[in-house]
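Note sheet for the following structure.
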Amino acid sequence: MNWPGRERFPDISLWMEALPRAAPRAPLPGDRRYDVAIVGGGYTGLWTAYYLKTLQPDLALCVLEARVCGFGASGRNGGWLMAALEGERALLGGIDGERRRQAREAILGILPEVARVLDREGLECDFHRGGGLFAAARYPEQLAAQRAELAARQVLGYGEADYRWLDADALAARLRIRRPLGAVYTPHIARIQPARLARGLADCVTRLGVDVYEQTRVTACEPGALVTDQGRVVAPVRLMAVEGFSEGLAAQRRHVLPVQSRVLATEPLDEARWREIGLARREVFSDASPLITYAQRSADDRLVFGSRGSYRFGGRSRSDFRGDGAAFAAIRRLMLACLPQLADVDVTHCWGGTLGIPRGGCPHAVYDPASGFGTAGGYLGEGVGASNLMARTLADLVLERDSALAATPWAHRGLPRQVLRRWEPEPLRWLAYKATDWALGLEEAACARAGPRWQRRLLGRASGLLAALRG
Ligand SMILES: Cc1cc2nc3c(=O)[nH]c(=O)nc-3n(C[C@H](O)[C@H](O)[C@H](O)COP(=O)(O)OP(=O)(O)OC[C@H]3O[C@@H](n4cnc5c(N)ncnc54)[C@H](O)[C@@H]3O)c2cc1C
C-alpha cells in the first residue's frame, strides 16, 4: 500500500493526528550514492542519523523510510520514555565491577541525554519527567513478584533513589487504582508525545544535512548497496532499523517476533476527574497484570491506556487496526478494572502498532566493519528510550570510536550468531505465542475473579514458564 493512501496521518494514531501541518517528504529521486544509508525512519534510524551526523558532519547520510517517519511503533507507542532496558538483568548480570557500573550509568543517562538534545535542537514533544508507578499490584500474588523484581534491580546496583517500593497508602496517595497494594516507583521515566518526537527528529536531521526520503521501500540489502522501489543506493555502510517490520527484508527475517500492541485514549478529562484518578505529577503507570498494561496522562489530559497484543501467523506486521472492536473492548475492560471511575468516559481513539521481540532476548547494537552491515533494536516493546542508547552505541561502532558505549554488553562488533539468532519457523512461533497468551489470559481471569489461591499460583507459574520458554 503506497503513501499517500488509505492510512493517512490521522489514521496512524492519536499522536499523528495531533500533529500540525504533517506532510510526507519526497521519495528517493532515483539512484544515489552515500557514505551511510539507514533503513527505517523510526527513533532508531533517526537517532542513529542524528549521532552520526553530529559526530562527523561531513558524512553523506540518508534515511530511507517506506511510509513516513513515525509510521511504525515510534509514532504509535504509549509515550513512556524510560531510562531502562527490557532485558537489562541479562545484560548487566553477565558483567560485573566497573564494567557493570558504566553500563548502568549509560542506561540511567538516557533521560538526561534525550532532554539535552531536545533542548539543544529546540524539539518539542511534551517531554515531562514525572516518573513512573511501575507494576502496581492489585492482587496479593503480584506483591511477591514485584518485590522480587525490585530486589533483583538492587542486586544490579540500583539504589533507593532509582527504584523504591511504595506501600498501599503511598501508592493510593498518587493513584486511585482499584485495590492498590503497592508499586515500584522510579523517577527515571518521562512522558512524551511519541509522534512529535519522531517527526521532530526527522526535521532535525534534515536541518543537519541528512537526506530523509519517505515513501521509499528498501526491497533488498546487497553487499555495498540497497535496492529500493525508487532506485538503488550505493553505500559502504548500511544500517537496518526496522524493528517489528523485519519480516519484510531477507537480511532481517525471523530476527524479531513482530507483536502487535493496542492503545486507546479517552476524551480529555477535567480537573475534577483527575482528582478522582490521581497522577497529579503526571507519572506514567502500569499495573502488574500479566497482560501488560501501560498508561500516561497526556499533555491534553487524556488517559492513554495500552495493553499487550497479539501475534500474526508468519510474523506479518500490522498497521491498520480498524475492525478490532473486540480487542479494544477488552483493553477498555482492563482500564476499568484498574480505574472504575472512568466508566462513563468516552474512548475517542483506538490504534495499535508492531513491536519486536528478539530471539536473542536483549536489545543490541551490531556493526560488522568487514561488510558495512549494521543493525540496532530488539527492544521487547520498550524502545522509546532504549533506541536513543542503541543509536548512540551504533554510531560509535560505525565510527570506530573507542568509547564507553562501544564496550557495553549491548554493543557487538561482527555478526554474533547468538545476538542475531533467528526465531524458529512456523508453526512453532505461533504455537508458542498462543500458548503464552492463553496462560496469561487465564492467570489474569483467575486473579480478577479471585479464584482459588492454588489456581492463581499455578497459573502464575505456568505463564511465567511459558514466557521464559518463549524468550
Ligand atoms: C502500541 C505500542 C506501544 C508502545 N509503548 C511503548 C512505551 O510506552 N515505551 C517504550 O519504551 N516503548 C514502547 N513501545 C515500543 C517502541 O515504540 C518501539 O520499541 C520503538 O518505537 C522502536 O523504534 P524503531 O525505530 O526501532 O522501530 P519503528 O518505529 O517501528 O520504525 C521502523 C520503521 O521502519 C520502516 N520500514 C520497515 N521496513 C522498511 C523497508 N523495507 N524500507 C524502508 N523502511 C522500512 C517502517 O515503516 C517504520 O517507520 C510501544 C510499541 C507499540 C507498538
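A compact table of results
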quantity: Count of residues meeting criterion [open to solvent by 10 Å² or more (accessible area, probe 1.4 Å), part of a helix (DSSP H, G or I) and more than 13 Å from the ligand (Cβ to nearest atom)] in region 185-219; calculated: 6
quantity: Single residue of 304, 347 found to be more than 22 Å from residue 383 (Cβ to Cβ), β-branched (Val, Ile, Thr), in contact (Cβ under 8 Å) with a residue 60 or more places away in the chain and not assigned by TED's automatic domain parsing to the domain that holds residue 235; calculated: 347
quantity: Answer residue from region 28-61, given it is more than 23 Å from residue 77 (Cα to Cα) and within 11 Å of the ligand (Cβ to nearest atom) and is surrounded by the most Cβ atoms within 10 Å (Cβ to Cβ) among those; calculated: 37
quantity: Positions within region 237-277 being more than 12 Å from the ligand (Cβ to nearest atom), open to solvent by 10 Å² or more (accessible area, probe 1.4 Å) and in a helix (DSSP H, G or I), in sequence order; calculated: 271, 272, 273, 275, 276
quantity: Matching option when the condition is out of contact with any Asp or Glu (no Cβ under 8 Å at 6 or more places or on another chain), near the ligand (Cβ under 9 Å from one of its atoms), in a strand (DSSP E or B) and open to solvent by less than 10 Å² (accessible area, probe 1.4 Å), among 376, 365; calculated: 376
quantity: Residues that are out of contact with any Phe, Trp or Tyr (no Cβ under 8 Å at 6 or more places or on another chain) and surrounded by fewer than 22 Cβ atoms within 10 Å (Cβ to Cβ), drawn from region 343-356; calculated: 343, 344, 345, 346, 348, 349
quantity: Within region 298-308, considering residues that are open to solvent by less than 10 Å² (accessible area, probe 1.4 Å) and assigned to a strand (DSSP E or B), the one farthest from residue 426 (Cα to Cα); calculated: 303
quantity: Elements of type helices (runs of 4 or more DSSP H) in region 62-153, at least 3 residues being free of Cβ contacts under 8 Å to residues at least 40 places away in the same chain, within 12 Å of the ligand (Cβ to nearest atom) and closer than 29 Å to residue 238 by Cβ; calculated: none
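The values are calculated or read from the model by the stated rules, or taken from the named source; none is laboratory data. Here the structure is a predicted model, which means the values were calculated and not measured. All Cβ positions, glycine included, derive from the backbone under ideal geometry; neighbour counts span all protein chains shown. SASA here: full protein model, heavy atoms, side chains in, ligands and nucleic acids out. Shrake-Rupley method; radii C 1.70, N 1.55, O 1.52, S 1.80 Å.
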